[in-house]
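One structure is given below, encoded as structure tokens.
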Amino acid sequence: MRRYVATDSCRLITSGQFYIGIVGIACVYLLGTYQAGPVMDVYTGYFFNSWFSTWILSYAFCAVPFSSCYVEDAEQQSWYHQIQRGSLRKYAWSKTLVCFWGGVAAMVLGVLLFVLAMSFRYPLLSERNHFVEERQIWNSFGFFLNSDTMLLYFICSACMCGLMGGIFALLSAWLSLYEKNRLFTICAPVIGVYFIDNFLTDTLHLPNAAKILAIFNSDNALFEVRWLNIVYAVIVALAAFIGIGILTEKKIEREIYGQKGKESTGKLRAKHKKKNV
């Protein structure tokens, strides 16, 4: 399993798509700050991003780094060789793990790039910002909302958003096993979740705890005890990770072995060699 994860992680980090995702997220946040109008500090620009629908695009960029891994492996017929080195289960779960952490990393690094760009013109937290006093009480990471630990706040808040970005990345990778159109597989989960959160949940009058966009936003106080918001977000992300991982493994098994069941390793190797002749 370690070899799979190390190889896939190297593939992620050396891929241009990873850095496109990071830059894309930073640009989305800069666009949201521009929509918000004049701001007094970096925090204000970051906070008001979630007020605009363009913010949802940042999660689409979380899927850019690694969600096309299965499509690429299928096109190059390389998944036969990769599975021969270990097992289908290790192959599938390694891809699932790296795809997820790639989405989280893209969000965190994208937010930090946004903070860096904004810091050339604005302070991280202005002394005139009295609005932050309320957020210190309700925000899940409100204890970091002061001039000395603002960078920690941005990192922690981005990690929480990144959990949802990782889920979107996994959904995109899973959809790519059914539909090879990369633009569709990246955009469909984001559009679907946005529709569910803004229409179905409002129609059914469900609480914020059932809204995925609220669960992973540190400014939404789902529980009075702050650490419960963080734990709840981690549990939901973990459940989604396991659920989508199982679905992905089953689909890859059907893709490679077909409906007749598993082939032996020897037959799989012979099949792969025959295709390369």
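Accessible area of the chain with a 1.4 Å probe: how many percent of it is carbon plus sulfur? C and S fraction of accessible area: 65 percent. Solvent exposure of the stretch 46-159, expressed per residue, is 44 Å² of accessible area, with all protein chains present and a 1.4 angstrom probe.
Each peptide among 83-96, 136-149 gets the average number of other Cβ atoms lying within 10 Å of its residues, and from highest to lowest they stand as 83-96, 136-149. The residues packed around residue 218, meaning those with a beta-carbon under 11 Å from its beta-carbon, carry a net charge of +1 if Lys and Arg are +1 and Asp and Glu are -1. Take each peptide in 205-218, 20-33, 222-235, count the other Cβ atoms within 10 Å of every residue, and average; sorted highest first, the result is 20-33, 205-218, 222-235. Measuring how big the stretch 46-183 is from its alpha-carbon positions, Rg and Dmax come out at 18.8, 61 Å. Net charge in the neighbourhood of residue 150 (other residues with Cβ under 13 Å of its Cβ; Lys, Arg +1, Asp, Glu -1) is -2. Can you give me the relative contact order of the chain as a percent, contacts being Cα pairs under 8 Å and 6 or more apart? Taking the mean separation of contacting Cα pairs over the length of the chain, I get 23 percent.
Among complete DSSP H helices in the chain, those whose alpha-carbon atoms stretch at least 27 Å along the helix's long axis and whose mean Kyte-Doolittle hydropathy reaches -0.5 are 16-36, 88-119, 150-175, 226-257. Pairs exceeding 18 Å between alpha-carbon atoms, taken from 95/211; 90/180; 211/251; 211/250; 95/251: 95/211; 90/180; 211/251; 211/250.
The values are calculated or read from the model by the stated rules, or taken from the named source; none is laboratory data. These figures come from a predicted structure and were not determined experimentally. Note: ideal-geometry Cβ built from the backbone for every residue, glycine included; neighbour counts use all protein chains shown. Heavy atoms of the whole protein, side chains included, go into the accessibility calculation; ligands, DNA and RNA do not. Shrake-Rupley method; radii C 1.70, N 1.55, O 1.52, S 1.80 Å.
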